[in-house]
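Nothing in this text is a laboratory measurement; each read-out follows from the coordinates by a stated rule. Because the structure is a prediction, the values reported are computed rather than measured. Cβ atoms come from the backbone with ideal geometry, glycine included; neighbour counts cover every protein chain shown.
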Ligand code: Y12
Ligand code: CO
């Protein structure tokens, strides 16, 4: 089932999501729905709070070298923790909860992350480049943060100005 994605400035996006404790049918349905929702909206990453569920669960599905998103490359991530990070990378990010706005964000270029899969098995993974960016962007959602909070003061003002302009245009 495709679920509604909540968008800025919805306060629920600033909630701290809770650890997943039960790896049951309900969690599997949530993950399946998140996958359907992410694909329907052309996303490459989605956190549970974006569909209004405050649990520490997220998905990442990066396009392959042919620009295709294959389900076999889907990464389901539960209760993740960054255990090491190195370097820095600037990447132009977008978010399904902040539609029509993209901007440069600086993050670690390499991370080591530990998480659980949908059955509760522990997984350790090292990521770099776009995958490291996606993990960090989605993990920010679990702590109630959006990428726009990582922009410089001036860039954040630019975002707010554009967002207000768009709101006014919608009312016309
Ligand atoms: C690098 C940067 C950001 C991430 C986080 C995941 N972000 C997304 O999945 C963003 C998706 C997105 C999709 C949009 O829709 C289309 O392109 C059709 C979109 O467009 C509009 O809002 C109009 C915006 C964002 C991971 C890695
Ligand atoms: Co996002």
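Side notes on the structure shown:
- Here the range 152-166 and the range 25-103 have alpha carbon centers that stand 24 Å from each other.
- Rounded tilt (10° steps) of 129-142 against the dominant C-alpha axis of the chain: 80
- Helices in the chain, meaning DSSP H runs of at least 4 residues, each add -39500 (n - 2.57). Divided by all residues, the mean residue ellipticity at 222 nm is -9500 deg cm²/dmol.
- Among 76, 68, 149, the largest mean-square fluctuation in a Gaussian network model of the chain, built with springs joining Cα atoms closer than 10 Å, belongs to 68.
- In the chain, Cα pairs under 8 Å separated by at least six residues give a relative contact order of 22 percent.
- Nearest 10 degrees, 0 to 90: helix 153-171 Cα axis against the chain principal axis: 80
- Top of 32, 140, 24 by mean-square fluctuation, Gaussian network on the chain, Cα under 10 Å: 24
- The range 80-151: C-alpha gyration tensor shape, a/c 1.5 cut-off, then a/b vs b/c: oblate
- Helix axis angle, 25-40 relative to the chain longest principal axis, alpha carbon, degrees: 40
- At an R0 of 25 angstrom, the distance between the Cβ atoms of residue 125 and residue 28 translates into a FRET efficiency of 0.75.
- For the chain, built as a Gaussian network whose Cα springs stay under 10 Å, the top-fluctuating residue of 126, 114, 162: 162
- Radius of gyration, Dmax [the chain; alpha carbons; angstrom]: 16.0, 52
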